[in-house]
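> Sharing a structure with you now.
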Amino acid sequence: MNVTSLLLVLVSIALLGYFGGYRKARALSSSAKTHSRPQYHGYLVALWALLPALAVLMAWTMSQEAIITRLVMSELPATAQHQSAAERSLFINQFKNLAQAKKSAVDESGVSLPNEEDDPLTNQAANRYLHWQERSQVARTLAVITLAALAIWLTLRRLRASFQARNRVEKIIQFIMMLSASIAILTTVGIVFSVLFEALQFFRHVPITEFLFGTHWNPQTAIRADQVGGSGSFGAIPLFTGTLLISLIALSVAVPLGLFSAIYLAEYASPRVRAIAKPVMEMLAGIPTVVYGFFAALTVAPLIRQTAESLGLSASSESTLAAGLVMGIMIIPFVSSLSDDVISAVPQILRDGSYAMGATKSETIKQVIIPAALPGIVGGVLLAASRAIGETMIVVMAAGLAANLTANPLDSVTTVTTQIVTLLTGDQEFDSPKTLAAFALGLGLFVVTLGLNIISLYVVRKYREQYE
Amino acid sequence: MNHTEKIQHSLKKRHAREKRFRLYGLLSVSISILFLLSLLGDIGFKGMPAFWQTKVKLDIHLDPERLGLGPNPDQDDLFQANYQRLIADTLTRMFPDAKTRQQRRALKNLVSKSAAYELRDAVIANPQLLGQTRPFWFLAKDDVDVYMKGRIDRNLPESQRRIKDYQLAWIDTLKSQGRLKQGFNTTFFTNSDSREPEQAGIRGAFTGSMLTMLVTLSLAFPIGVLAALYLEEFAPQNNRWVDLIEININNLAAVPSIVFGLLGLAVFIGFFGVPRSAPLAGGLVLTLMTLPTIIITSRAAIKAVPNSIREAALALGASKTQVAFGHVLPLSLPGILTGTIIGMAQALGETAPLLLIGMVAFVADVPHSIFDPSTALPVQIYLWADSPERAFVERTSAAIIVLLLFLMAMNALAVFMRKKFENKW
Amino acid sequence: MTLDKTALVVDNNNNSTEVNLTGSASDTADMLDMTIGETVGKALLEDAKLNVRHANVFYGDKQAIHDISLDIGKNEVLAMIGPSGCGKSTFLRCLNRMNDTIPICRVEGSFLLDGEDIYDRRQDPVLLRSRVGMVFQKPNPFPKSIYDNVAYGVRLHGLAKNRAELDEIVEKSLRRAGLFNEVKDDLHKPGTGLSGGQQQRLCIARTIAIDPEVILMDEPTSALDPIATALIEELITELSEKYTIAIVTHSMQQAARVSNRTAYFHMGKLVEVNDTDSVFTTPQHPLTENYITGRFG
């Protein structure tokens, strides 16, 4: 039985459990007053029927693929065993594809396909694979259904009039809620482990000092061991400087525009203008980044190149400036929204105090409001910076792939995120330094943005406390 | 009044500075809005033509002999017959001036390669057509289409045009015979990706996006709501675990999306063996990405439910869980749904993490389940944006228009719900 | 602009009330409904610093001030009292156009400072506010050092030629606000770190640093403890030697202690204004009497 139908069966079993519990509690309540209303007894039985069975189903489904693959490989004759890791994974892919093809052929026409040019070993493996898969599915179905039935029987036996079914149900629900909330922690742990683990493997191939301080980036690795010059170089400095350059351009667009917009909307604009302009500006943050990337690559970059050429400057067609400018516009709302919030949160009596001294509006803003709101504004800028550093699509589409070490915004540079995408979207093997390098870059990206986030959240929170 | 005079003296300068400052603010807002408008305008201008498609009418003589069919062809024969030859014959008959090999190839390329399949499907559906001469409307090749939309300047020197003079002459002839027409481009919505621009459509990518969203919604919504409810209603104060959860939620909301892609690649695909390129993998990654948004907005909505309601219910003997699910949740549901829609809109536009989990492959089929290889709408945009053909630029922009319309509709729905169900306690 | 004094005949005999004043608690509602009529007492002065005639103030559709005419004399301390929401603060904020910052607020009538129209189109609110300073209900030092707080207005208006002169003005202002000895070693610490009473005196120092002609005070001690209040009241008396002061207060005792004249406001109208002694000893309007005898307020 496949997962979907098994789930349906489980739900029906749980429903049966519910009615079983409900009826037993109703019967109990005719002789004595029950602690909980009958439906809670029902819920409890249903939950016990469902949860352990679900857990087993999940664990089984997640692990069966790996276990079956190992089983199949161990059954094969010795000739298939001493392959290199790459050949092994290729072979596994082949027999799985074949198995898939066989299965769908069976599903559709009811006749099994004649094997064409597949070699017998692959064919054998595919057959074994299908065989084990079938076994596993049957066993899984049996295990899950038995477990659910057993749980119903055990729970039903425990029901008494004094049984605190409601409290138990609520305990279980609270536990599920706690688990849901803990997914946030699991995600962080998952990120840290996945990136860290692969990055450490990478540093076994490439020394960390070369990665951090090397100035040459050319991640070509040997396809064959005897290839010339195939070792590749993984000095990430050009990526860091490229990321920095683009982020700086973006911030030098976003910070003044965002800050002045926030000031204008919070202090000058009439309520009507504000009611229109604010959501329109926030639309900038809602447009998918791939759209900005398209615009940067196909509209802004050619424009910049033409302008530069008409001024007698040479500009690359994949210009840093185009990516930076467009990214800057994209992160304006991050600066302006948060700045607007903190500027509006500055108490009115401070403004009144300044006006009463004979200050003009701009003097009040510059000398009283901005200094008072500064921590919040800094928080917003840091958040925008972290956004700029982690932004992927705009740079992938509009910045180049050439790892130049340059500060010229008309040249093309590449960034950390661009390289991660490039390294991981081509043909890949999981263990080559080229693939692992992407995770090392990801680790760097995560650490830097995490640091910026923590600082900015801290700064903003301190600011909030000041005025609460 | 020495004092007042002194102040009066500097006033002009100070007021000028005030005006300048105000102007900077107005300029900043205007630049931002202007940019938004030029972005939308540019994409609209580039994308609108893609919703129209040129078709060519050819009178095809369905000659069984040229098709290489015997007297009683079966399904397989009909399926494998050479329909391309009939189309080439027709065109050669109409334009006998095509002499060189290059010109003959150009002639065949007036209509899309899909023409042969259309013809085949028509014949299989109605074998009686064999032997007759019938008019058929075929998709025009992308170059013809782009020219018909006025996006190729025929006054340019021939060497700088994608369409040569002799092709122009053919097109003019077809036009004068009424054999060219422009109609709504249904292909764009019914086809999936294709190497040929005129056959490429967004159906596959769109379905992929919807399947991905389905996975995301069905995971992120319940988990997000339960987590928010726990943190607001049940979590013990000053508990280290709870503090850790809160810090993590706030930080995850700002982690770059590509890092989630790395997580998905290493954990979901590498460790749990979720199929690569499948909406399931994409949906799982996007779930983790949207969870913080949903949790944060849901918490705000739950917080807005006044305590008096909780106390009233508790005083009637309801348990904490009953209060949470029976009173707090229904009252905060509009706010939670609003937050969920906003989170889903974010997820719908997300591209980078999907690239890493392999949803960038060329997929010409419509995915049927969350396990099939698939792309998503934003990824399709990314893929098409890389193609140099003019017709693909058009289609990229059109796909962006579709995506933006969807996002706008979602956001409008969120705004509407917030307005409609806004509780004034 | 000539002052039309005949239009404002103050009628001392006829207070048009319709309520008998044998007042028990149940009459309170009636008392609040009492017709107020013309202002009682001595609203107008010869040679005043500020002349207000027929002031009407609206917040949107709601009228907050009804036809108030009142003069404030040179170097006098005018106390404005009355129940909450009676319009006394609104009236005060009209005198330096602080109401300009509230978009829905509309002011009518004539407001003259030394015979100059405050609301004239050519009048610059920036210049006006440098002449008419204001101290607020809640101390509002800027998030800057004590020194910078006092120097704020001086720098804005370019009143000090150099650092030495600025230092001198800051010290002088802090001394006159009676704060210098307490803070002289901490001039560069933030003003927000001071106690409430000190903060309020810092705000007064900040105001007098630019040497205004009039100081408006909007319940300046309502957020302070009794000792800090006493210090501020003392300061007000000292300052009245040099400045014209208008103070809004909730506390009748405070009005009695610090002011020369007292104006009683009720529901946006000026009910009675007179020398402080006569208002508190022989109030002429029954509403005033009710208020100062504590029947409501």
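> Hey, can you tell me all the residues within region B:16-42 that are open to solvent by less than 60 Å² (accessible area, probe 1.4 Å) and either more than 7 Å from chain A (Cβ to nearest Cβ) or within 21 Å of C:Pro125 (Cβ to Cβ) (or both)?
Listed by number, the residues that qualify are B:Ala16, B:Glu18, B:Phe21, B:Gly25, B:Ser30, B:Ser38, B:Leu40, B:Gly41.
> Let me ask something else about it. Is it true that some residue in region B:336-357 is under 22 Å from A:Gln174 (Cβ atoms), touching a residue at least 12 places away in the same chain (Cβ under 8 Å) and more than 9 Å from every other protein chain (Cβ to nearest Cβ)? Give the derivation first.
Within region B:336-357, the first condition is being under 22 Å from A:Gln174 (Cβ atoms), and the residues that meet it are B:336.
Those still in the list that are touching a residue at least 12 places away in the same chain (Cβ under 8 Å) too: B:336.
Subsequent filtering for residues that are more than 9 Å from every other protein chain (Cβ to nearest Cβ) retains B:336.
There is at least one residue in region B:336-357 that is under 22 Å from A:Gln174 (Cβ atoms), touching a residue at least 12 places away in the same chain (Cβ under 8 Å) and more than 9 Å from every other protein chain (Cβ to nearest Cβ).
> Based on this model, can you work out whether B:Asp172 counts as modelled with pLDDT of 85 or more, within 29 Å of B:Thr375 (Cα to Cα) and more than 29 Å from the chain's Cα centre (by Cα)? Write out each step before concluding.
Values: modelled with pLDDT of 85 or more: yes; within 29 Å of B:Thr375 (Cα to Cα): no; more than 29 Å from the chain's Cα centre (by Cα): yes.
So B:Asp172 fails the test.
> Turning to a different aspect of this structure: Among the residues in region A:312-333, are any more than 13 Å from chain B (Cβ to nearest Cβ), closer than 30 Å to C:Leu202 by Cα and open to solvent by less than 10 Å² (accessible area, probe 1.4 Å)?
The answer is no, given that none of the residues of region A:312-333 is more than 13 Å from chain B (Cβ to nearest Cβ), closer than 30 Å to C:Leu202 by Cα and open to solvent by less than 10 Å² (accessible area, probe 1.4 Å).
> Further, regarding this structure: In region C:267-297, what residues are outside any helix (DSSP H, G or I), of a type in the set (S, T, N, Q) and either open to solvent by less than 10 Å² (accessible area, probe 1.4 Å) or farther than 19 Å from C:Val77 by Cβ (or both)?
We begin by selecting, within region C:267-297, every residue outside any helix (DSSP H, G or I); these are C:267-275, C:282-285, C:293-297.
From what's left, of a type in the set (S, T, N, Q): C:274, C:282, C:284, C:293.
If the condition is that a residue be outside any helix (DSSP H, G or I), of a type in the set (S, T, N, Q) and either open to solvent by less than 10 Å² (accessible area, probe 1.4 Å) or farther than 19 Å from C:Val77 by Cβ (or both), then C:Thr282, C:Gln284, C:Thr293 are the ones that fit.
> Please specify each residue of region B:213-260 satisfying the condition of being more than 8 Å from chain A (Cβ to nearest Cβ), assigned to a loop (DSSP other than H, G, I, E, B) and farther than 30 Å from A:Thr415 by Cβ.
Result: B:Pro236, B:Gln237, B:Asn238, B:Asn239.
> Starting from region C:106-131, take each residue that is more than 14 Å from every other protein chain (Cβ to nearest Cβ) and list its partners that are assigned to a loop (DSSP other than H, G, I, E, B), counting only C-beta distances under 6 angstrom and pairs at least six apart or across chains.
If the second residue must be assigned to a loop (DSSP other than H, G, I, E, B), the pairs left are C:Phe111/C:Ile118; C:Phe111/C:Tyr119.
One line per residue, one yes/no per condition, for (1) over 16 Å from the mean Cα position of the chain (by Cα); (2) hydrophobic (A, V, I, L, M, F, W, C):
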position: C:Thr221; (1), (2): no, no
position: C:Ala228; (1), (2): yes, yes
position: C:Leu231; (1), (2): yes, yes
position: C:Ala246; (1), (2): no, yes
position: C:Asn260; (1), (2): no, no
position: C:Val271; (1), (2): yes, yes
position: C:Asn290; (1), (2): yes, no
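> Oh, and also: Checking B:Leu129 against (1) over 26 Å from B:Ala364 (Cα atoms); (2) open to solvent by less than 30 Å² (accessible area, probe 1.4 Å); (3) in contact (Cβ under 8 Å) with a residue 60 or more places away in the chain; (4) touching a Lys or Arg at 6+ places or on another chain (Cβ under 9 Å), only one condition comes out false. Which one?
(4)
> Just to be sure, is B:Ile309 open to solvent by less than 10 Å² (accessible area, probe 1.4 Å), modelled with pLDDT of 85 or more and in a helix (DSSP H, G or I)? Don't jump to the end; show me each part of the working.
Working: open to solvent by less than 10 Å² (accessible area, probe 1.4 Å): no; modelled with pLDDT of 85 or more: yes; in a helix (DSSP H, G or I): yes.
So B:Ile309 fails the test.
> Return the total of residues in region A:1-59 being surrounded by 21 or more Cβ atoms within 10 Å (Cβ to Cβ) and either under 22 Å from A:Arg135 (Cβ atoms) or without any contact (Cβ under 8 Å) to a residue 60 or more places away in the chain (or both).
Number satisfying all stated conditions: 4.
> Moving to a separate point now. When residues of region A:67-120 are filtered for being farther than 25 Å from B:Gly273 by Cβ, at pLDDT 60 or above and either in contact with a strand residue (DSSP E or B) (Cβ under 8 Å, 6 or more places away or on another chain) or among the hydroxyl-bearing types (Ser, Thr, Tyr) (or both), how many remain?
1
> Okay, moving on. I need a count of the residues in region C:65-86 that are buried (at least 23 other Cβ atoms within 10 Å of the Cβ) and outside any strand (DSSP E or B).
2
> Residues in region C:103-118: is at least one part of a helix (DSSP H, G or I), within 17 Å of A:Gly358 (Cα to Cα) and open to solvent by less than 60 Å² (accessible area, probe 1.4 Å)? Reasoning before the result, please.
Pass one, region C:103-118, residues part of a helix (DSSP H, G or I): none.
No, because not a single residue in region C:103-118 is part of a helix (DSSP H, G or I), within 17 Å of A:Gly358 (Cα to Cα) and open to solvent by less than 60 Å² (accessible area, probe 1.4 Å).
> Could you please find all residues in region C:210-239 being within 14 Å of chain B (Cβ to nearest Cβ) and open to solvent by 10 Å² or more (accessible area, probe 1.4 Å)? Let's see the steps before the verdict.
Restricting attention to region C:210-239, the residues satisfying the condition of being within 14 Å of chain B (Cβ to nearest Cβ) are C:210-214.
C:Asp211, C:Glu213, listed by residue number.
> Listed residues C:Ala160, C:Ala164, C:Ala151; which is open to solvent by 10 Å² or more (accessible area, probe 1.4 Å), within 27 Å of A:Ile370 (Cβ to Cβ) and of a type in the set (Gly, Ala, Ser)? Let's see the steps before the verdict.
On the way: C:Ala164 fails: within 27 Å of A:Ile370 (Cβ to Cβ); C:Ala151 fails: open to solvent by 10 Å² or more (accessible area, probe 1.4 Å).
Going through C:Ala160, C:Ala164, C:Ala151 in turn, just one is open to solvent by 10 Å² or more (accessible area, probe 1.4 Å), within 27 Å of A:Ile370 (Cβ to Cβ) and of a type in the set (Gly, Ala, Ser): C:Ala160.
> While we're here: Restricting to region B:164-212, give me the number of residues that are assigned to a loop (DSSP other than H, G, I, E, B) and of a type in the set (A, V, I, L, M, F, W, C).
The initial filter retains those residues of region B:164-212 that are assigned to a loop (DSSP other than H, G, I, E, B), namely B:164, B:177-179, B:185-186, B:191-196, B:200-202.
The next check asks that each one be of a type in the set (A, V, I, L, M, F, W, C); those that pass are B:200, B:202.
Within region B:164-212, residues that are assigned to a loop (DSSP other than H, G, I, E, B) and of a type in the set (A, V, I, L, M, F, W, C) number 2.
Yes/no per residue for (1) closer than 23 Å to A:Val459 by Cβ; (2) open to solvent by less than 30 Å² (accessible area, probe 1.4 Å); (3) away from chain B (no Cβ under 14 Å); (4) over 29 Å from the mean Cα position of the chain (by Cα):
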| residue | (1), (2), (3), (4) |
| --- | --- |
| A:Ile343 | yes, yes, no, yes |
| A:Pro347 | yes, no, yes, yes |
| A:Leu350 | yes, yes, yes, yes |
| A:Ser362 | no, yes, no, yes |
| A:Gly380 | yes, yes, no, no |
| A:Arg387 | yes, no, no, no |
| A:Leu410 | no, yes, yes, yes |
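> Considering C:Ala263, C:Ala255, which residue is at pLDDT 90 or above, assigned to a helix (DSSP H, G or I) and buried (at least 23 other Cβ atoms within 10 Å of the Cβ)?
Numbers: C:Ala263 fails: assigned to a helix (DSSP H, G or I).
It is C:Ala255.
> Take the conditions assigned by TED's automatic domain parsing to the domain that holds B:Leu211 and either under 23 Å from B:Leu405 (Cα atoms) or outside any loop (DSSP other than H, G, I, E, B) (or both) and apply them to B:Ala301. Does it pass?
Details: assigned by TED's automatic domain parsing to the domain that holds B:Leu211: yes; either under 23 Å from B:Leu405 (Cα atoms) or outside any loop (DSSP other than H, G, I, E, B) (or both): yes.
For B:Ala301, the condition - assigned by TED's automatic domain parsing to the domain that holds B:Leu211 and either under 23 Å from B:Leu405 (Cα atoms) or outside any loop (DSSP other than H, G, I, E, B) (or both) - is met.
> Scan A:Ile172, A:Ile152 and give me the residue that is closer than 30 Å to B:Ala228 by Cα and in a helix (DSSP H, G or I).
Numbers: A:Ile152 fails: closer than 30 Å to B:Ala228 by Cα.
Only one candidate qualifies: A:Ile172.
> Would you check which residues across region B:241-274 are over 20 Å from A:Leu423 (Cα atoms) and in contact with a Pro (Cβ under 8 Å, 6 or more places away or on another chain) and list them?
B:Val242, B:Ile249, B:Asn250, B:Leu252, B:Ala253
> Among the residues of region C:15-56, write down those that are open to solvent by less than 60 Å² (accessible area, probe 1.4 Å), farther than 16 Å from C:Leu112 by Cα and modelled with pLDDT of 65 or more.
Scanning region C:15-56 gives C:Ile36, C:Gly37, C:Thr39, C:Val40, C:Gly41.
> Find the helices (runs of 4 or more DSSP H) located wholly in region A:304-397 whose residues include 2 or more that are assigned by TED's automatic domain parsing to the domain that holds A:Leu257 and free of Cβ contacts under 8 Å to residues at least 40 places away in the same chain, and list them. Before you say what the answer is, go through the steps one by one.
Values: elements: A:320-345, A:348-356, A:361-364, A:370-390.
Qualifying helices (runs of 4 or more DSSP H): A:348-356, A:361-364, A:370-390.
> Does at least one position in region A:338-346 carry a residue that is within 25 Å of C:Pro125 (Cβ to Cβ) and either in contact with a Leu (Cβ under 8 Å, 6 or more places away or on another chain) or polar (S, T, N, Q) (or both)? Walk me through it before giving the result.
Keep residues of region A:338-346 that are within 25 Å of C:Pro125 (Cβ to Cβ), which gives A:343-344, A:346.
If we keep only those that are either in contact with a Leu (Cβ under 8 Å, 6 or more places away or on another chain) or polar (S, T, N, Q) (or both) as well, we get A:344.
The answer is yes, given that some residue of region A:338-346 is within 25 Å of C:Pro125 (Cβ to Cβ) and either in contact with a Leu (Cβ under 8 Å, 6 or more places away or on another chain) or polar (S, T, N, Q) (or both).
> Give all pairs with beta carbons closer than 6 Å in which a residue from region A:139-156 that is within 10 Å of A:Val56 (Cα to Cα) meets a residue that is open to solvent by 60 Å² or more (accessible area, probe 1.4 Å) and assigned to a helix (DSSP H, G or I); count only pairs at least 6 apart in sequence or on separate chains.
What qualifies is A:Arg140/A:Trp60.
The values are calculated or read from the model by the stated rules, or taken from the named source; none is laboratory data. Everything quoted here is computed from the prediction, not taken from an experiment. Don't worry about glycine lacking a Cβ; one is built from the backbone with ideal geometry, like all the others, and counts go over all protein chains shown. To get the accessible areas, we keep the full protein, side chains included, count just its heavy atoms, and leave off ligands, DNA and RNA. Shrake-Rupley method; radii C 1.70, N 1.55, O 1.52, S 1.80 Å.
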